Amino acid sequence: MDLRVDRSTTDLEPALARLLQAGTYVSIALVGIGTLLLLAAGISPLAGGPPLDVGEIPADIAAGRPEGFLWLGILGICATPSLRLVGALIGFWRRGEQRMVAVALLILVVVAAGVVVGLLAG
Amino acid sequence: MLAGGVAAGAFGSILGLGGGLLIVPLLTLGFGLPLREAVGCSLVCVIVTSSASAGVYLQRRQANLRLGMVLELFTAAGAIVGGAIAFLIDERVLAGLFAVLLVYVAVTMLGGLRQQAPAAPATDVETPPPSDTAAAGPGGDREDRGYATERLPLAALGSVGAGVASALLGIGGGLIKVPVMHLVLGVPLRVATATSNLMIGITASASAAVYLVRGGIDAYVTGPTAIGVFVGATLGSRLGHRISVRSLRVLFVAVLLYTAVEMARKALGLG
């Protein structure tokens with residue numbers, strides 16, 4: 001596998017850069033709203049936040065509760081690098097670079113395995 | 001906490017270090033948080049700074065996407081292993097490991113001071129200063145990229161180690177990734193630093209997944225800290241070139257050594 005960068009990837013890199021930056025800014029904005037709501041409610045950050053419950057996030061956001069925005073932002077932050085991987089996977093797929101597609105898929109599988117390991121170890 | 005995050009982000013950005021090295025001691029020694037919870041929070045902050053700076057590096061085409069993705073596979077695998085081990089190890093052992101890491105970074109920085117190296121050591125997530133944009137040029141140094149790919153298995157092994165360290169200690173792991181790419185594969189230092197930044201996001205998100213599922217991340221603590229680190233890193237990258245990095249490094253080495261002593265005390269059950 002040639003790991004040197006060739007001209008064929010030059011349009012992929014700026015697209016992935018935009019994806020990373022957009023993901024980061026949107027996620028950090030959500031965390032920012034959650035932090036403001038937390039401070040406005042007079043809750044100490046050391047009070048011990050509620051555990052992650054993905055199903056509760058929409059209801060928490062609709063009710064203006066800080067944990068909804070905080071968890072959605074944190075999940076967005078954690079998902080942004082994987083989003084970049086999905087973007088790279090699509091980009092390499094379009095170029096017919098099957099080896100890089102396989103590498104991207106394998107990394108996504110390993111990241112997903114982290115969730116499984118967490119569940120099994122819990 | 002917000003102010004501490006700003007300080008950690010700014011310090012890390014100006015000195016070319018990730019926030020992780022400072023966030024974990026800040027939260028454990030400063031706010032009395034359990035070490036594992038501090039590591040979980042730090043991992044989220046590391047992803048924030050990594051994604052923001054990796055975006056810049058990709059735009060400049062300084063990061064090697066292909067190499068980064070191949071090595072990411074191994075750092076992510078190491079991160080899962082580290083994430084699973086982290087919940088089995090005694091917190092005092094983790095504190096001891098962190099103390100060793102802090103001393104190592106302090107000694108490395110002291111060496112850099114003696115040599116009067118103009119550039120910050122590429123140790124962790126590095127937020128590129130704005131002044132670098134012009135120097136890198138639109139094509140970066142892509143033409144220099146002829147790598148010793150026959151030594152890829154050794155680099156893969158090093159990457160697994162970087163992943164384990166990242167998950168155990170809540171750091172980006174650039175301390176290991178950059179030397180591995182530079183010394184083992186012959187990747188130019190600047191490209192190695194940029195590629196390491198790209199990889200850190202995936203490494204930290206793989207271990208953060210384990211921490212998320214196991215309840216090792218507190219949203220109330222992570223929110224203000226992540227915002228602080230993001231603001232601090234942004235400020236640091238804009239103001240860094242106006243500050244005397246040398247005197248800041250001397251101060252930072254002192255902070256690192258003091259923190260290492262406190263962490264060692266915690267490890268020995270004295271703190």
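The values are calculated or read from the model by the stated rules, or taken from the named source; none is laboratory data. None of the values given here were measured: they were computed from a predicted structure. Neighbour counts are summed over all protein chains in view; Cβ atoms, including those assigned to glycine, are modelled from backbone coordinates with ideal geometry. Quick note on the areas: whole protein, heavy atoms, side chains included, nothing else; ligands and nucleic acids left out. Shrake-Rupley method; radii C 1.70, N 1.55, O 1.52, S 1.80 Å.
Table for the structure above
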quantity	calculated
Other protein chain Cβ atoms within 10 Å, averaged over every residue that makes up B:60-72	6
Relative contact order [Cα under 8 Å, 6+ residues apart], chain A, whole percent	28
Folded to 0 to 90 degrees: helix A:66-95 orientation relative to chain A principal axis, Cα	10
Peptides B:189-199, A:13-23 ordered by average Cβ neighbours within 10 Å, highest first	B:189-199, A:13-23
Extension reserve of the B:PHE87-B:ARG246 stretch, reckoned as 0.36 nm per residue once the Cα distance is removed	53.4 nm
Mean Cβ neighbour count within 10 Å, used as a protection proxy, ranking A:64-75, A:28-39 highest first	A:64-75, A:28-39
Order by protection proxy (mean Cβ within 10 Å, highest first), peptides B:62-68, A:55-61, B:221-227	B:221-227, B:62-68, A:55-61
Residue-wise HN-Hα coupling along segment A:25-33, computed from phi with Karplus coefficients 6.51, -1.76, 1.60 (Hz; x: Gly, Pro)	5, 5, 5, 5, 5, 5, 5, x, 4
Vicinal HN-Hα couplings computed from phi for segment B:49-65 (Karplus, 6.51 cos²θ - 1.76 cosθ + 1.60; Hz; Gly/Pro x)	5, 5, 5, 5, 6, 5, x, 5, 5, 5, 4, 7, 6, 8, 7, 9, 4
Of all accessible heavy-atom area on segment A:32-122, the percent that carbon and sulfur account for (1.4 Å)	71
FRET efficiency for A:ILE90 and A:ASP53, using Cβ-Cβ distance with R0 set to 22 Å, rounded to 0.05	0.10
Neighbouring partner chain Cβ atoms per residue of A:47-53, average, 10 Å criterion	4
Surface accessible to a 1.4 Å probe, per residue, for the residues of segment A:7-121, Å²	48
Partner chain coverage, peptide B:195-205 - average Cβ within 10 angstrom	4
Drop in accessible area of at least 20 Å² in the complex versus isolated chain, residues of segment A:56-70, 1.4 Å probe	A:LEU70
Solvent-accessible surface ranking, highest first, for A:ARG99, B:ARG246 at 1.4 angstrom	A:ARG99, B:ARG246
